[in-house]
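Heads up: the structure comes next, in structure tokens.
The values are calculated or read from the model by the stated rules, or taken from the named source; none is laboratory data. None of these values were measured; they are calculated from a predicted model. Cβ sites come from the backbone with ideal geometry, for glycine too, and all protein chains shown count toward neighbours.
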Protein chains: 2
Amino acid sequence: MKKAVLIFSGGVDSTTLLYELLDNNYEVFPVTFFYGQRHKREIDYAKKTILELGLKNWIGYPLTALGKIGGSALTDDIAVPEGNYDEDSMKDTVVPNRNMILLSFAMAHAIRVGVLDIYYGAHAGDHAIYPDCREAFVDAMKVVAKVCHYEPINIEAPYLHMTKESIVERGLVLGVNYANAWTCYKGEALACGKCGSCTERLEAFALNGEKDPIEYIA
Amino acid sequence: MKKAVLIFSGGVDSTTLLYELLDNNYEVFPVTFFYGQRHKREIDYAKKTILELGLKNWIGYPLTALGKIGGSALTDDIAVPEGNYDEDSMKDTVVPNRNMILLSFAMAHAIRVGVLDIYYGAHAGDHAIYPDCREAFVDAMKVVAKVCHYEPINIEAPYLHMTKESIVERGLVLGVNYANAWTCYKGEALACGKCGSCTERLEAFALNGEKDPIEYIA
């Protein structure tokens, strides 16, 4: 059976990718990181998906040091900006070097469990503001993954050139239960519907002509 | 004034590199990681050097998740192997993907403090058993560091092609106080003198015709 480690945040992209891998008959080893993020509710949602799909290999790692680095609205007491991702204020949501840190831990976990294929859900919509979601970054990480261990590690980011709209389109075909995928950066009881992350999600469902199954603050 | 972030473990290599950077008139931002290592005594020794040199920018990050990954004699209840580094059993001291994890956090810290030059003390003596000390790894990390942030980050490993003997030779010229540099993997009150790390250190001092200033178990 094919096996893959998946960086699984519990958001729309990684939840869709989880269904995608299962659809391709992979045994999946999902890895979830807690890094002091304000929207830690996404981890509870990750758990809902894991339980619903009956997955056995899920593991969580506490990366509290990432929160200690600070300076991001996602981990500190800085207001989460509202509006679209292309606005400059959205830079406040950048956690410095987050994806390299998460990938490097996922690689350590991959080495430990002996599954040297790692999938993660970076995608094109993130390009403008997150340097570590760009193709140049992913390509460079693929190279370093080949030489960091005794055997090469393979990194795949199959959604890199897809938009949120096309990821949701794919997920709807796969039967993803998006009621279990958390998106809002604010991490309150209900999604705010206004932060960049909510805005992008709502647009993606609207463009697909579907109703988002999660509840938003009216 | 030139500035540099330094990955500072408190061992011989990074302590020598700290003196080297100060000798070159750098303002140094040393970063020390605790990752559940058995030889956490090295952190107490790192602190001795920081205090003796009167450095103000030292920071420590808890990377306890690295210990959770497990499987290494440096973090788990696995016997620390004795003898030379070239013996196969020394692979038990490999912490999976440790250097990429430490470098990725050092980069996050570099971004946070706005000092985009990072130094670390990887060296040739580690090549054989630690994949993440090889030139191919360091070269690949240099590439990824250029694209993970809005501005390029520069990684320097100036001791990469030096042996422990030549690093100690350099340190003796720089006046490094090696009484404050911890090496033993066992992390007991006195250095064991038998583990791969102690063996290499003792050889390096002997080849330089100098007495190692730390005390060993008789």
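Structure above, values below:
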| read-out | value |
| --- | --- |
| Inter-residue pairs, beta-carbon under 6 Å, first among the aromatic types (Phe, Trp, Tyr) and in the stretch A:11-28, second assigned to a helix (DSSP H, G or I), 6+ apart | A:TYR19/A:LEU174 |
| Criterion (farther than 22 Å from A:LEU18 by Cβ and outside any loop (DSSP other than H, G, I, E, B)) met by exactly one of A:ALA145, A:ALA136, A:ALA179, A:ALA204 | A:ALA136 |
| Test: residue in the stretch A:76-99 that is in a strand (DSSP E or B) and either crowded, with 23+ Cβ neighbours inside 10 Å or modelled with pLDDT under 70 (or both) | yes |
| The stretch B:57-74 residues that are in a strand (DSSP E or B), paired with ones that are modelled with pLDDT of 80 or more and of a type in the set (Val, Ile, Thr) (beta carbon under 9 Å, 6 or more apart) | B:ILE59/B:VAL31; B:ILE59/B:THR32; B:ILE59/B:VAL113; B:GLY60/B:VAL31; B:GLY60/B:THR32; B:GLY60/B:ILE43; B:TYR61/B:VAL31; B:TYR61/B:THR32 |
| Filtered residues of the stretch A:190-207 (kept if of a type in the set (Asp, Glu) and farther than 17 Å from A:GLU42 by Cβ) | A:GLU203 |
| Positions within the stretch A:166-178 being over 27 Å from A:ALA140 (Cβ atoms) and either over 16 Å from the mean Cα position of the chain (by Cα) or charged (D, E, K, R) (or both), in sequence order | A:GLU169, A:LEU172, A:VAL173, A:LEU174, A:GLY175 |
| Residue match in the stretch A:192-211 (condition: under 20 Å from A:LEU102 (Cβ atoms), touching a Pro at 6+ places or on another chain (Cβ under 8 Å) and not acidic (Asp, Glu)) | yes |
| Residues satisfying the stated conditions in the stretch A:131-142, i.e. within 9 Å of chain B (Cβ to nearest Cβ) and surrounded by fewer than 16 Cβ atoms within 10 Å (Cβ to Cβ) | A:ALA136, A:ASP139 |
| Residue that is nearest to the chain's Cα centre (by Cα) [pool: residues in the stretch B:112-129 that are more than 10 Å from every other protein chain (Cβ to nearest Cβ), modelled with pLDDT under 80 and part of a loop (DSSP other than H, G, I, E, B)] | B:HIS127 |
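Matching residues to (1) surrounded by 17 or more Cβ atoms within 10 Å (Cβ to Cβ); (2) modelled with pLDDT of 90 or more; (3) more than 14 Å from chain B (Cβ to nearest Cβ):
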residue: A:HIS149; (1), (2), (3): yes, yes, no
residue: A:ASN180; (1), (2), (3): yes, yes, yes
residue: A:LEU190; (1), (2), (3): no, yes, yes
residue: A:ALA206; (1), (2), (3): no, yes, yes
residue: A:LYS211; (1), (2), (3): no, yes, yes
residue: A:TYR216; (1), (2), (3): no, yes, yes
